[in-house]
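The values are calculated or read from the model by the stated rules, or taken from the named source; none is laboratory data. Everything numeric here is computed off the predicted structure, so don't read it as measured data. Heads up, the Cβs are rebuilt from the backbone with ideal geometry, glycines too, and the neighbour counts pull from every protein chain shown.
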Amino acid sequence: MTWLKNTNATVSDVFCASPGDMKGKRLSDLPIPPGECMSTDFVRHQSIPIQAMSADIFSFKEDIFVAMAAPNTNSCVVMEWDHIEMNFRKFDNITGKSVVGCKSVLIDSHVLIIVTQLFGGSHVYKFDEQQNKFTKFQTIEVFNISKPNDIEVFQMDGDWYFVIVDSSKAGLSTLYKWSDKPDRNETGFYSYQFLHEWFRDTDAEFVQVDGKSYLILASRSQPPVIYLWNKSSLKFILHGEVPNIDDVVSVKAFREEGELYLALTCYIGDSKVLKWANKQFTEVQALPSRGAMILQPFSFRDRHYLALGSDYSFTQIYLWDVETKTFHKFKDIYVQSPRSFNVVTNDRRNFIFSSSFKGKSMVFEHIPVDLSL
């Protein structure tokens, strides 16, 4: 919008009453920054009657899918985006025993879903185009994993890895590496490194900054620890910790204006936003978060958000303020016991997919709002 200084109508001067720094100024003298009359909203688009601990979005041949870990139905539910009905529909159902994690990874021609379970071991499923469904591809070595809580997949120096985070006192969070050696009958993920034990790990996040690769492990019983990838030994070595914060249930990395940040979720107390500076993470913002299980950063173009999902209240959406370089409360949306928030962009529309542990999983559309109307 452009402010018109002169029109063909006679209008009396209008003076501002508030806010204080604008009081007494003529409206015609106030510049309106570009985009000031535009906002956004999150509108409920679809309700999915599936209770899920997680949801993972992936694409294959221009189609969009979501893999949902549904322990109550002992399955990993795979749904596909319907471009005609403009919503998600069921595509496949991977059955298991107390499924707690479903994570996709596309390697060469392989479309894989890693499925972790509380009982019966964990497995990798591969998409079979002839059968148009996922079939069991590999059984994962999980001798040292007692209670899987998270799966983190990443690529480093051309190789694919994933971490199964163990939240028990007796288990070992374990790093796996992809190997493709058909002549040795070795095509799949194999255990590569055992990380620390006895700390009830809850989440893992892989980040790359300043030319180095780090793995951050959150825990219920100690501050988050940082592992550094050693290029000589080709292993992660303990590098340090994020001090002055305990009982972290989730860690997510994001970037704002080229700077690296962490969003740490705390079930008790305040969740934290930390910034990487001088080769360490320092706190820049605290968010009240009783009962929170997820603090998820996500973006649509130039608008950057944090979704704070709690078991006891509405999900709070925060919006990044470019001037203060902090997040400000934007609005509330309702998802019962949310466990994840994932961006879905298709058909020129933007959505957020939120899995619910105790209710219906929800899809919200991110829409522009013209405040000048």
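Applying the criterion of at least 1 residues that are more than 24 Å from the chain's Cα centre (by Cα) and of a type in the set (Asp, Glu) to the strands (runs of 3 or more DSSP E) found wholly in region 143-209 leaves 172-181, 186-197.
One line per residue, one yes/no per condition, for (1) β-branched (Val, Ile, Thr); (2) surrounded by 20 or more Cβ atoms within 10 Å (Cβ to Cβ):
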position	(1), (2)
167	no, yes
176	no, yes
186	no, no
196	no, no
215	no, yes
221	no, no
234	no, no
237	yes, no
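Of the strands (runs of 3 or more DSSP E) contained entirely in region 223-276, those carrying at least 2 residues that are within 13 Å of residue 203 (Cβ to Cβ) and among the small types (Gly, Ala, Ser) fall at 248-256. Given the criteria in the same structural domain as residue 248 (by the TED database), aliphatic (A, V, I, L, M), at pLDDT 95 or above and surrounded by fewer than 21 Cβ atoms within 10 Å (Cβ to Cβ), does residue 295 qualify? No: the conditions fail for residue 295. Kindly establish whether residue 263 is of a type in the set (Gly, Ala, Ser) and touching a Pro at 6+ places or on another chain (Cβ under 6 Å). Criteria met by residue 263. Is it fair to say residue 232 is farther than 22 Å from residue 340 by Cβ and at pLDDT 95 or above? So residue 232 fits the description; yes. Checked against (1) modelled with pLDDT under 95; (2) surrounded by fewer than 14 Cβ atoms within 10 Å (Cβ to Cβ), residue 145 passes all but a single condition, namely (2). Among the residues making up region 52-78, those that are surrounded by fewer than 22 Cβ atoms within 10 Å (Cβ to Cβ) and in a strand (DSSP E or B) are 57, 58, 59, 60, 63, 64, 65, 75.
If I go through region 321-334 residue by residue, how many of them are aliphatic (A, V, I, L, M) and assigned to a loop (DSSP other than H, G, I, E, B)? Summing the residues that are aliphatic (A, V, I, L, M) and assigned to a loop (DSSP other than H, G, I, E, B) in region 321-334 gives 1.
A Cβ distance below 6 Å, combined with a sequence gap of six or more or placement on separate chains, defines the contacts here; from region 234-261, residues that are within 14 Å of residue 283 (Cα to Cα) reach residues that are of a type in the set (Lys, Arg) and crowded, with 19+ Cβ neighbours inside 10 Å in the pairs 245/272. Starting from residues that are within 16 Å of residue 259 (Cα to Cα) and touching a His at 6+ places or on another chain (Cβ under 7 Å), keep the ones in region 298-334 and report whichever is surrounded by the fewest Cβ atoms within 10 Å (Cβ to Cβ). The selected residue is 321.
Checking each residue in region 296-320 for being part of a strand (DSSP E or B), within 22 Å of residue 269 (Cβ to Cβ), of a type outside the set (Gly, Ala, Ser) and in contact with a Lys or Arg (Cβ under 8 Å, 6 or more places away or on another chain) picks out 296, 297, 316, 317, 318. Among the numbered conditions (1) over 20 Å from residue 366 (Cα atoms); (2) over 21 Å from the mean Cα position of the chain (by Cα), the only one that residue 53 does not meet is (2).
Residues of region 335-373 that are outside any strand (DSSP E or B), out of contact with any His (no Cβ under 7 Å at 6 or more places or on another chain), under 22 Å from residue 86 (Cβ atoms) and at pLDDT below 95: 348 alone. Selection of first residues in region 336-358 that are in contact (Cβ under 8 Å) with a residue 24 or more places away in the chain and surrounded by fewer than 18 Cβ atoms within 10 Å (Cβ to Cβ) and of second residues that are of a type in the set (S, T, N, Q) and assigned to a loop (DSSP other than H, G, I, E, B), restricted to Cβ pairs under 8 Å at least 6 apart or on distinct chains, gives the following pairs, ordered by first then second residue: 358/336; 358/337.
Residue-wise test of (1) at pLDDT 65 or above; (2) in contact with a helix residue (DSSP H, G or I) (Cβ under 6 Å, 6 or more places away or on another chain); (3) not assigned by the TED database to the domain that holds residue 340.
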site: 4; (1), (2), (3): no, no, yes
site: 8; (1), (2), (3): no, no, yes
site: 14; (1), (2), (3): yes, yes, yes
site: 18; (1), (2), (3): no, no, yes
site: 27; (1), (2), (3): yes, no, yes
site: 58; (1), (2), (3): yes, no, yes
site: 69; (1), (2), (3): yes, no, yes
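Kindly check whether there is at least one residue in region 313-322 that is of a type in the set (D, E, K, R) and within 17 Å of the chain's Cα centre (by Cα). No - not one qualifying residue is present in region 313-322.
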